[in-house]
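Working notes, structure below.
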């Protein structure tokens, strides 16, 4: 019996990074999204620069959309309540 490599199944790498863009007032801020692929097919998307910004998605696209929406919610809530928005690296 011969083995089949992961490449033959088109399984993505277990970890991926890509940019996310968030518009704030008159400027655009770029954050890095980290994607991790779970064994059960779900994808974890995280923006490490924004504390608590992590979501699951059923597929890559929904994980990216959900984490971008979560980032906007976190920032909007902080602005509404007058809390400081802390970004890692600032």
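Observations
- The criterion of at least 3 residues that are modelled with pLDDT under 85 and in contact with a strand residue (DSSP E or B) (Cβ under 6 Å, 6 or more places away or on another chain) is met by the following strands (runs of 3 or more DSSP E) wholly inside the stretch 1-84: 15-24, 27-37.
- The stretch 41-60 residues that are on the phi > 0 side of the Ramachandran plot, paired with ones that are surrounded by 14 or more Cβ atoms within 10 Å (Cβ to Cβ) (beta carbon under 9 Å, 6 or more apart): 52/70; 52/74
- Qualifying positions in the stretch 54-88 - farther than 15 Å from residue 33 by Cβ and in contact with a helix residue (DSSP H, G or I) (Cβ under 6 Å, 6 or more places away or on another chain): 85
The values are calculated or read from the model by the stated rules, or taken from the named source; none is laboratory data. Everything numeric in this text was worked out from a predicted model, so none of it was measured. Reconstructed Cβ throughout: ideal geometry from the backbone, glycine too, with neighbour counts over all protein chains shown.
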